[in-house]
Every structure is written in structure tokens, then in C-alpha cells.
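The structure appears below as C-alpha cells.
The values are calculated or read from the model by the stated rules, or taken from the named source; none is laboratory data. Computed from a predicted structure; not experimentally measured. Positions of Cβ are backbone-derived with ideal geometry, glycine not excepted, and every protein chain shown enters the neighbour counts. Side chains are part of the model used for accessible areas, which takes the heavy atoms of the whole protein and leaves out ligands, DNA and RNA. Shrake-Rupley method; radii C 1.70, N 1.55, O 1.52, S 1.80 Å.
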Amino acid sequence: MVQKFYLLLALCCIFVANQAAGQGELKFEKDTHDFGLIAEGTQAGYEFKVKNIGNQPVLIASVQPSCGCTTPDWTKEPILPGKTGLIRTLYNSTGRPGPFHKSITVTSNGATATQVLYIKGEVGPKDAKITYTQEQKAMSPRLAVGSTSYNFGKLEKGQKAVATFKIKNTGRQPLVIQGVKTACNCVSYRVSEPALKPGKTATLELTYIPAMLKDQNEVVTVLSNDLIMPSLRLTLKAQVVERQASQNMLRGGK
């Protein structure tokens, strides 16, 4: 009877050991990232790297931030043994001055089912002069565009016209177009992807409504969360003429 008990105990131990040996396990390079001081309005992104140090694939089921100010993205495919995956976070600092410390809960089928990551920093004034570290620059999104000018040709004054530019994120974090600036206040924008993933392309549409006659060269400054080049200049060209309806009315009044 005693021998059977020890035999069963041994079998249970072997079963538990096999179960433990046959499971994936996620190990993060770091569990906390400090952005330091960032200007208000910055879309601050960071990429957490994780490796499966177990011997079975691990699937990340969900990534849940502690507030709506943080947008996560992660490797959706199973992470094979010895391979790495990514957890990307994007913190929106707009309207959130002062220190912040946010958690991101990662749930998977690994040996440790729930793991918590943290991002922290301090949001300063919008016009704060920020000095970025080499690591921050290396991890930055990068805005690339094929052509930097668009010629509409002849346009009527007040006529709405749309110029299309192809943009690409050649950086390491999601790229966010934050706005456009012009001297004429006559250009609005729309982007097909609000948060453009690394390596992906999108369409940037600039809607131009000319208010001045003759040849126009409107310089459009595109603002983004690219830390290295936060502003990119595009040029819209047009030969602006009077509206046809106005000309007809003028002739009719003669």
C-alpha cells in the first residue's frame, strides 16, 4: 500500500514537471520606460521587447492600459520558443500636464499569465524645449514622403481642391500626424491612418481653398510626433483666377 502511494506521488511529480517543462514563458527586456520631460501635445511612443524563453509558443491574448490616454499594439501571432515579440504603447499627452505613471497589463498563455508594464514621465508646456536621448531618437517614428510639392494648375478663387501625398513611417513607433500650419489658413488635412504603424504607408490629403488671385505657392508645415524632424514642409502651387460666375455677373452688369 505504501509502495503504491509513493509510486502515485512519483507519477504526479513527473506529470507536474512535464507540464512545467512544456510551457512558454515571456521575459521582457525591461518592464518600465521613463519618457522624462515631454512637451504637451506630444504623442509619446515606446516599444517593449519580449522574448519567449520557454519551449512552447506563447500567444498574447490582450494588452490593457490603465487609461484611455494610452493606445497599445502588440504581436498578434504566437511567439515561438526563442523568438521575440513587441508591445507598442502610445501615450497622448494632450491636455494632461504634470507627472504621469501608467500601467499596461499583458495577458498571455505563458507560464506567468499576467504581467504588468509601466510608462512614466512628466508633461511640460507646449513650447518646452525638449532634449531627447539617443535611445528616444532611435525609437522615434519617422515621417517620409515621396514628393514635397503639388501643382493644381488653374484654380478658381474659392474653389475647393485636394492634393494627395503618400507618406510612410520609416521609424520604430506609430506615426501620428498632429496638424498642419499655413500662413493663409486655407489648408485642412485628412490622413487615412490616424496612427501609422512602422513600415506602413498612408494617404495624406490636403484640402486647399485659394483666397488670393494670380500664382500662389502655399507652404504647408505638417506636424507629427517624429522626434528628429517634427515638422515637414510641403508646397501647394496654383494659378488662381476669378470665379467664372463672378465674371459672368460682371459682364452682365456692363
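Percent of Cα-Cα pairs per 10 Å bin, from 0 to the last occupied bin, for the chain, please list those.
7, 23, 23, 18, 12, 8, 5, 3, 1, 1, 0, 0
Report the calculated FRET efficiency for ASN185 and GLU40 (r = Cβ-Cβ distance, R0 = 35 Å), to the nearest 0.05. Don't jump to the answer; show the numbers that get you there.
Numbers: r = 23 Å, r/R0 = 0.65.
Calculated value: 0.95.
Could you please state how large a percent of the accessible area of segment 202-243 is carbon and sulfur, counting protein chains only and using a 1.4 Å probe? Write out the running numbers ahead of the final one.
Values: 1070 of 2030 Å².
Of the solvent-accessible surface of segment 202-243, carbon and sulfur hold 53 percent.
If you count only protein heavy atoms with a 1.4 Å probe, what accessible area per residue comes out for segment 164-223, rounded to a whole Å²?
Here the per-residue accessible area is 53 Å².
If you find the alpha carbon centre of segment 32-63 and of segment 77-102, how far apart are they in angstrom?
Centre-to-centre (Cα) distance: 4 Å.
Given the DSSP H assignment, sum -39500 (n - 2.57) over each helix run of at least 4 residues in the chain and divide by its residue total; what's the result at 222 nm in deg cm²/dmol, nearest 500? List each step's numbers first, then the result.
Numbers: 3 runs with 35 residues, N = 254.
After summing the helix terms and dividing by the residues of the chain, the value is -4000 deg cm²/dmol.
So the label point goes 7 Å from the Cα of THR201 along Cα→C-beta, right? Which residues of segment 147-188 then have their backbone N under 11 Å from it?
Inside the label zone: 147, 166-169.
Based on Cβ point charges of +1 for Lys and Arg and -1 for Asp and Glu, what charge dipole magnitude is obtained for segment 75-231 about its Cα centre, in debye rounded to the nearest 20?
On the way: 21 positive and 10 negative charges, 33 e Å.
With only Lys, Arg, Asp and Glu charged at Cβ, the dipole is about 160 debye.
Would you work out which of TYR118, GLY199, PRO97 lies farthest towards the positive end of the dipole of the chain? Charges go on Cβ: Lys and Arg +1, Asp and Glu -1.
With unit charges placed on the Cβ atoms, the residue in question is GLY199.
To the nearest 0.05, what FRET efficiency results for THR32 and THR221 with a Förster distance of 30 Å applied to their C-beta separation?
0.30
What pairs from LYS51/LYS137; LYS51/LYS181; LYS83/LYS168; LYS51/LYS120; LYS27/LYS181 go past 32 Å between their alpha carbons? Show your work: numbers first, answer last.
Working: LYS51/LYS137 23 Å; LYS51/LYS181 42 Å; LYS83/LYS168 27 Å; LYS51/LYS120 23 Å; LYS27/LYS181 44 Å.
Correct reply: LYS51/LYS181; LYS27/LYS181.
Under the 0.36 nm per residue contour assumption, what length would be gained going from the current alpha-carbon distance of THR107 and VAL241 to full extension?
Working: separation 134, 0.36 × 134 = 48.24 nm, distance 6.06 nm.
This chain segment gains 42.2 nm when fully extended.
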